[in-house]
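The values are calculated or read from the model by the stated rules, or taken from the named source; none is laboratory data. Fair warning: this is a prediction, and the values are worked out from it, not measured in the lab. Because the Cβ atoms are built from the backbone with ideal geometry, glycine has one as well, and the counts that use them run over all protein chains shown.
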There are 2 protein chains.
Amino acid sequence: MDALRATYELRCDASAAETRAREIALEQTAELPREAVARAGLPRDVVGRVESLREAGPGRFLAEIVYPAEVLDGTLSQILNVLFGNTSLQHDVALVDLDLDPAAAAGFGGPRLGVEGLRELTGARGRPLTATALKPVGLSAERLAELCRLFADAGVDIVKDDHGLGDQPAAPFADRVRACQEAVRQAGGRTLYVPHVGGAPSEMARRIAVARDCGVRAVMAAPMLCGLPAFHEAASGSGLAVIAHPALAGAARIAPEALLGRLFRLAGADAAVFPHAGGRFGFTLDTCARIAARLRDRWCGLRPAMPMPAGGMALERVPELISFFGADTILLIGGSLYAGGDPASRAKRFVECVRNAAT
Amino acid sequence: MDALRATYELRCDASAAETRAREIALEQTAELPREAVARAGLPRDVVGRVESLREAGPGRFLAEIVYPAEVLDGTLSQILNVLFGNTSLQHDVALVDLDLDPAAAAGFGGPRLGVEGLRELTGARGRPLTATALKPVGLSAERLAELCRLFADAGVDIVKDDHGLGDQPAAPFADRVRACQEAVRQAGGRTLYVPHVGGAPSEMARRIAVARDCGVRAVMAAPMLCGLPAFHEAASGSGLAVIAHPALAGAARIAPEALLGRLFRLAGADAAVFPHAGGRFGFTLDTCARIAARLRDRWCGLRPAMPMPAGGMALERVPELISFFGADTILLIGGSLYAGGDPASRAKRFVECVRNAAT
């Protein structure tokens, strides 16, 4: 049975494209010359099969390769490996799309809450959710909690740690999380405080447990920093909503929509942060539209997840962002709320702007 | 104190280089405009400092940025994040080198065995170690164990799983490891059988425990598949020798010598597999020399690790590989031993060739 389908973009001469596609199908599975595979006398063929190959532009080819279930073993690390393990070391190839047998996907589960669950958690209906970040690293837990309170008072739906906040001495994880969670509680609204959980697997688990004990209901982690399988294990075991951060995800030669929209969603992200076009990062509008589409489309029976455009979005762009992404979106505005020295009033404007857009 | 030093290659106009370098120093730490950081009134500055900037070629600049200890938190995920988290999302930047405060490095420990430990484990002195791989995926545990026995009888020092071997039904992990370990035991020599351990953190731990129970003394894992922090935690807790596999590591826009030679070593790799020049992958001889140098040099008080050139090395290249890499190297030849249908005699030639080279 075909369990996994990958689309690769090859950069090569037309005369070489078919050979390259076949080499990839072999490299990602048997990793032996074809004649040696034949001699091995396998009961079932394990080599990937090139299902289609077409020219996508001058010197650019799209090859669709399907891989049999026999090479998978129920782990995300093996899915990553079959998709792009060795081939990532070949500079003429990018992974641009992937699809999965729904039965295999069901084993991972995808978003536990997804769009609907995040709406229930925040009570935000019929409009995008608002989100901002606590920063900079170096502030004390008390100062971060003051900021958290200020954003909660302004009615921001989600106040997350900057992903650079870990367990630094200036604001140790447990102190910060306790103080910030207490701040949103005292604010009395439904603001979610979302701590960032990093570290090795045991440390992530410890931080998630600390957060849960403080009453936190959502956490953020960066799948490419901690490892996608570790992210999945932490997310699925946490019982919390989970936001995926794209740190280190930009340089994988995997199309962002495949990595963030498919693999992060498969691994359980209820929302995925990504740098929207026109900010400090280089994603195009098309890429961002595809990320959003792949987080929210019908796919493998998994719940839809929320796109969370960010990365230098100015408050002034909110109407444009809403018209681009629609309602099932979390608008993450960080630095622009801090600019000018009055984050409280900027946050209120942000919240009003999004609420007005809903009517 | 400066805890972490990163060198980035920027591709931009000369007029923009200094600004870009400063933006990176800010992006990787405070992630706020400089004026907002100033207003935050931090007790200590947390922003990275551009220490040098020089032109490396037309439109190419090398920027050295140092980061203060205040932004780190003792985790590898935060080191990765500060080095290249958000900046990985900016396509004009590559991470090309890094250095670490030895005190910070000591906390991670690096290779537990390293070059000397691997020599003790295998009894191989004064010459490169020989290694090959069990493949293809799809063979039964018994067939893989037969291959393992054949290579052990030939005197190969290290027989490792292909990294595509996980816990597939054709050769379940526990069955395979038991059978292969028994095969090297019966062979009576000092061949190390090295199973590949993948999966989410708990599954990796389970597989390592199974391997240890079978008497296995070394495992292989792929840091970029499982996550570098998960690799480190598994490696440092295993009590076994650990070989790092480069799957998914080729497309990180991090120079291979920085990723494999520095970060994999920091995370505890006793040996690191990489595709040598002239095989199926695109690394240059210079890159491979730098990887080897950074695995073995004096650095942060960490033990040297063994370079493990691979990726389509033909048996006929052994003399050239030895003269290039010297003795403290593991020569990994997989497919070339299988070519022609008589792996036993090819493996014997491999072993003799390396032993003769030592005299």
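Just one of (1) crowded, with 23+ Cβ neighbours inside 10 Å; (2) charged (D, E, K, R); (3) in a helix (DSSP H, G or I) fails for B:Glu120. It is (1).
Restricting attention to region B:253-279 and to residues that are assigned to a loop (DSSP other than H, G, I, E, B) and touching a residue at least 60 places away in the same chain (Cβ under 8 Å), the residue that is nearest to the other protein chains (Cβ to nearest Cβ) turns out to be B:Arg253. The residues on offer are B:Pro304, B:Pro309, and the sole one that is at pLDDT 95 or above, part of a strand (DSSP E or B), closer than 26 Å to B:Leu228 by Cβ and under 21 Å from the mean Cα position of the chain (by Cα) is B:Pro309. For B:Leu139, indicate whether it is crowded, with 22+ Cβ neighbours inside 10 Å, within 14 Å of another protein chain (Cβ to nearest Cβ) and closer than 30 Å to B:Glu352 by Cα. Here the answer is yes, as B:Leu139 does meet what is asked.
Checked against the criterion of being away from chain B (no Cβ under 14 Å) and β-branched (Val, Ile, Thr), region A:329-337 has at least one qualifying residue.
Of all the numbered requirements in (1) charged (D, E, K, R); (2) under 14 Å from the mean Cα position of the chain (by Cα); (3) modelled with pLDDT under 95, A:Arg265 misses one, and that requirement is (3). With the condition kept exactly as written, say whether any residue in region B:343-353 is out of contact with any Lys or Arg (no Cβ under 9 Å at 6 or more places or on another chain) and assigned to a loop (DSSP other than H, G, I, E, B). No. Scanning region B:53-103 for residues that are over 22 Å from the mean Cα position of the chain (by Cα) and either of a type in the set (Phe, Trp, Tyr) or in the same structural domain as B:Trp299 (by TED's automatic domain parsing) (or both) yields a count of 2. Among the residues of region B:312-335, the one identified as of a type in the set (Ser, Thr, Tyr) and either crowded, with 21+ Cβ neighbours inside 10 Å or not in a helix (DSSP H, G or I) (or both) is B:Thr329. For region B:129-145, the criterion of a residue being at positive phi, over 24 Å from the mean Cα position of the chain (by Cα) and modelled with pLDDT of 95 or more is satisfied by at least one position. Would region A:26-46 turn up any residue that is more than 12 Å from chain B (Cβ to nearest Cβ) and in contact with a strand residue (DSSP E or B) (Cβ under 9 Å, 6 or more places away or on another chain)? Scanning region A:26-46, I find no residue that is more than 12 Å from chain B (Cβ to nearest Cβ) and in contact with a strand residue (DSSP E or B) (Cβ under 9 Å, 6 or more places away or on another chain), so the answer is no.
Sort out which residues of region A:73-93 are facing chain B (nearest Cβ under 7 Å) and either of a type in the set (D, E, K, R) or in contact with a strand residue (DSSP E or B) (Cβ under 6 Å, 6 or more places away or on another chain) (or both), and write them in order of number. Selection gives A:Asp73, A:Phe84, A:Leu89. Across region B:210-225, what is the number of residues that are within 14 Å of the chain's Cα centre (by Cα) and farther than 15 Å from B:Leu260 by Cα? Residues that pass the stated criteria total 1. For region A:6-14, the criterion of being touching a residue at least 24 places away in the same chain (Cβ under 8 Å), among the polar types (S, T, N, Q), in contact with a Gly (Cβ under 7 Å, 6 or more places away or on another chain) and at negative phi is satisfied by no residue at all. Set side by side, the residues B:Gly250, B:Gly282 differ, and just one is buried (at least 24 other Cβ atoms within 10 Å of the Cβ) and part of a loop (DSSP other than H, G, I, E, B), which is B:Gly250.
Out of B:Glu55, B:Glu64, one residue alone is exposed (fewer than 14 other Cβ atoms within 10 Å of the Cβ) and within 15 Å of B:Ala94 (Cα to Cα). It is B:Glu55.
Scan region B:47-59 for residues that are more than 14 Å from every other protein chain (Cβ to nearest Cβ) and free of Cβ contacts under 8 Å to residues at least 24 places away in the same chain and the total you get is 4. Checked against (1) modelled with pLDDT of 95 or more; (2) farther than 22 Å from A:Val194 by Cα; (3) more than 24 Å from the chain's Cα centre (by Cα), A:Ala347 passes all but a single condition, namely (2). Residues that are more than 10 Å from chain B (Cβ to nearest Cβ), of a type in the set (A, V, I, L, M) and either touching a residue at least 24 places away in the same chain (Cβ under 8 Å) or part of a loop (DSSP other than H, G, I, E, B) (or both) within region A:178-216 comprise A:Ala179, A:Ala183, A:Val184, A:Ala187, A:Leu192, A:Val194, A:Ile208, A:Val210, A:Ala211, A:Val216, listed in sequence order.
Here A:Val219 qualifies as in contact with a Pro (Cβ under 7 Å, 6 or more places away or on another chain), among the β-branched types (Val, Ile, Thr) and either free of Cβ contacts under 8 Å to residues at least 40 places away in the same chain or at the interface with chain B (Cβ under 8 Å from one of its Cβ atoms) (or both).
Residues considered: A:Ala105, A:Ala131. Of these, the only one that is over 30 Å from B:Val46 (Cα atoms) and more than 14 Å from chain B (Cβ to nearest Cβ) is A:Ala105.
Evaluated against (1) under 29 Å from A:Ile254 (Cα atoms); (2) within 14 Å of chain A (Cβ to nearest Cβ), B:Leu62 falls short on exactly one condition, (2).
Every residue, every condition in (1) closer than 25 Å to B:Gly227 by Cβ; (2) of a type in the set (A, V, I, L, M), yes or no:
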| site | (1), (2) |
| --- | --- |
| A:His232 | yes, no |
| A:Pro246 | yes, no |
| A:Ala289 | no, yes |
| A:Ser323 | no, no |
| A:Leu332 | yes, yes |
